[in-house]
1. Output the residue which, of all residues in the range 145-178 that are of a type in the set (S, T, N, Q) and in contact with an Asp or Glu (Cβ under 9 Å, 6 or more places away or on another chain), is farthest from residue 201 (Cα to Cα).
2. Among the strands (runs of 3 or more DSSP E) lying completely within the range 149-216, list those that include at least 3 residues that are closer than 18 Å to residue 120 by Cα.
3. For the range 253-270, enumerate the residues that are surrounded by fewer than 23 Cβ atoms within 10 Å (Cβ to Cβ) and not aliphatic (A, V, I, L, M).
4. Being in contact (Cβ under 8 Å) with a residue 60 or more places away in the chain and closer than 17 Å to residue 268 by Cα is the filter here; which residues of the range 176-221 pass it?
5. Filter the range 136-175 down to the residues that are touching a residue at least 60 places away in the same chain (Cβ under 8 Å), surrounded by fewer than 17 Cβ atoms within 10 Å (Cβ to Cβ) and hydroxyl-bearing (Ser, Thr, Tyr) and list them by number.
6. I want to confirm something. Restricting to the range 217-241 and keeping residues that are part of a loop (DSSP other than H, G, I, E, B) and touching a strand residue (DSSP E or B) at 6+ places or on another chain (Cβ under 6 Å), which single residue is surrounded by the fewest Cβ atoms within 10 Å (Cβ to Cβ)?
7. Test residue 115 against the criterion of being over 25 Å from residue 200 (Cβ atoms), assigned to a strand (DSSP E or B) and in contact (Cβ under 8 Å) with a residue 60 or more places away in the chain, and give yes or no.
8. Of all residues in the range 271-314, count the ones that are more than 20 Å from residue 121 (Cα to Cα) and in contact with a strand residue (DSSP E or B) (Cβ under 7 Å, 6 or more places away or on another chain).
Amino acid sequence: MNNNKTKICKYCRSEIDAKASVCPNCKKEQNSGCLTVVALLIVILGFIALGKNSKKQEKVNVSRETAVVKSVETNIEKVTEKIPETQEAIIEPETAEEITEEQTTEEQTFSYEVTDSRFSYYTDSIGLIEYYGFVEITNTGSCNIYLSDCTFDLEDNDGHLLQSDNFISKCPDVIAPGEKGYFYNGLGACTIDSTISLDNGINLVPNYKIEKATGEVISFDVSDTDMRNSDYGYTKITGRISNNTDKDCSYLYVNVIFYDVNGKALMITGTNVTDLAAGTTKSFEVSTTYSDESVSREDIATYQVIARGIYYQW
């Protein structure tokens, strides 16, 4: 009979004490089934919880990845806004022209060539041996060049130095691209020392310095020129120099270059003019008295007169 003090074994159906956890007859636990069910339920609930957490984690990860992608896309858009589509968009047409002009200025070439030279010596009327020489420089570059300095060395055929002269003039001191200029002994034909032997020959060797011109060239107008023979057999050039600038000129130099019928330079000489006020004109006269005596009036076909103020190379 079942009452509150006893219970029926689930396995052997014997009546056992209500508090017994093990049947004394079949030796089986009485509460295992319930525990098993409870344990099973706990396991099932655990898996369900894990599944939910996994889904939440996946959603979090996806959300984070989405946020990163959006952040990267945003940064790319910002960078794209700062970068022009092409480099040409940066330079305006006017700017491009200015750069081209600057590059053209920087690309001006400094170059020159020695295109001719002359050297002759002779015995003058009082028995002195004198010489006359010049070196022709042609500007082959695209910028003005400055004939800075020159020395004439006289050497024998073995290269031995016999004499050196440094009072060498230049005509003109600045030459433009394509033009010619000259170093010459313009203070009169130089005298060769009487103690020098000419048995092994004598040669003119110029040592010069030429630079890119940086200063301002001041030229003056030449007019009313004429060429004629003097009473002593020399050639004279006369003319007028006009100062058409707005500044007075205290000193200027007048050079004359003589050419033969082929346009080849024969000799150079010159003189100076002082105190030429702005807007005024002065006359000049140049003689070949102290130039190359081997050149006669008949050798001269044409001439060129160049009048310039003092040049300063800055």
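Computed from the coordinates by the stated procedures, all read-outs in this text should not be read as laboratory data. Only a predicted model underlies this, so the values are computations on that prediction, with no experimental measurement involved. Neighbour counts are summed over all protein chains in view; Cβ atoms, including those assigned to glycine, are modelled from backbone coordinates with ideal geometry.
1. Of the residues in the range 145-178, the ones of a type in the set (S, T, N, Q) are 148, 151, 157, 163-164, 166, 169.
From the residues that got through so far, the ones that are in contact with an Asp or Glu (Cβ under 9 Å, 6 or more places away or on another chain) too are 148, 151, 163-164, 166.
On the way: 148: 29, 151: 19, 163: 13, 164: 16, 166: 21 Å.
Here the residue is 148.
2. 161-165, 180-184, 203-212
3. 253, 259, 260, 262, 263, 264, 270
4. Hits for the range 176-221 are 180, 182, 184, 186, 187, 188, 189, 190, 204, 206.
5. 148
6. 230
7. Details: over 25 Å from residue 200 (Cβ atoms): yes; assigned to a strand (DSSP E or B): yes; in contact (Cβ under 8 Å) with a residue 60 or more places away in the chain: yes.
For residue 115, the condition - over 25 Å from residue 200 (Cβ atoms), assigned to a strand (DSSP E or B) and in contact (Cβ under 8 Å) with a residue 60 or more places away in the chain - is met.
8. Number satisfying all stated conditions: 24.
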